[in-house]
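Worksheet: the structure to be examined is printed underneath.
The values are calculated or read from the model by the stated rules, or taken from the named source; none is laboratory data. Keep in mind the model is a prediction, meaning the values are calculated, not measured. Cβ atoms come from the backbone with ideal geometry, glycine included; neighbour counts cover every protein chain shown. The area values use the complete protein model at the heavy-atom level, side chains included, leaving out ligands, DNA and RNA. Shrake-Rupley method; radii C 1.70, N 1.55, O 1.52, S 1.80 Å.
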Amino acid sequence: MPTMTPGAMPAPTGFTNQFSLSNSAHPTLILVDLFLKGVPIIAYIFSFFYGGNLIIKLSIITLISAIDFWFTKNVLGRLLCGLKWGRTIYPDGSEKYFYEGRNEQFTNSIDRSCFWALQWGATAIWAVLFVLNILRITNLLVIVIPLALIAFNTISFMRCSRDHQNQLQGLVTQGRGQATNFIAGQFINTMTAN
């Protein structure tokens, strides 16, 4: 029987089991993540309907989004997925980003699923709010900061994740194959028609 690292679990079956916190290795962290990603969105939506001072809205939403950015980057990514990214600044002033990820099979699959669902879900919600408010410059100012923070975190963690890199590579390869088949089919159809 294969040995498993503590906290590592086989992938659950079914959609509801995939996000069941009862089988999570870090349910409290997932709830904190949900809170930190949800509060700015809810605050923005309520402030949209009930008005309020722009400076106060901007301050609250930016502060909580910055806390979420730091917490996701420095705590959640490492504990839930084994992913880490950062930046090194050299004495000459140049900088380099680094992306690290341990083998994700040794992390809890529910933790990983919740982490990525919350990352992508919050990024999508902020992107939709951005599109819906594209003509309201004052609202855009409030939306751009959390959208930029969460999108940067999501992209950086994707660069760390071997699973996501493999999935993206598979999509690119599959897309190339489909494009090649389509072009070849069109060429053959053209040649047989003449």
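A few remarks follow.
- Residue tally, condition more than 14 Å from the chain's Cα centre (by Cα) and either open to solvent by less than 90 Å² (accessible area, probe 1.4 Å) or aromatic (Phe, Trp, Tyr) (or both), over the range 71-99: 12
- For the range 12-40, residues that are modelled with pLDDT under 55 and either under 12 Å from residue 114 (Cα atoms) or open to solvent by 80 Å² or more (accessible area, probe 1.4 Å) (or both) total 3.
- Any chance residue 65 is open to solvent by 60 Å² or more (accessible area, probe 1.4 Å) and at pLDDT 85 or above: no
- Residue within the range 136-150 that is within 18 Å of residue 99 (Cβ to Cβ), of a type outside the set (Phe, Trp, Tyr) and under 9 Å from the mean Cα position of the chain (by Cα) present: yes
- Within the range 100-123, the set of residues being under 21 Å from residue 155 (Cα atoms) and either open to solvent by 50 Å² or more (accessible area, probe 1.4 Å) or touching a His at 6+ places or on another chain (Cβ under 7 Å) (or both) comprises 100, 102, 103, 105, 111, 120.
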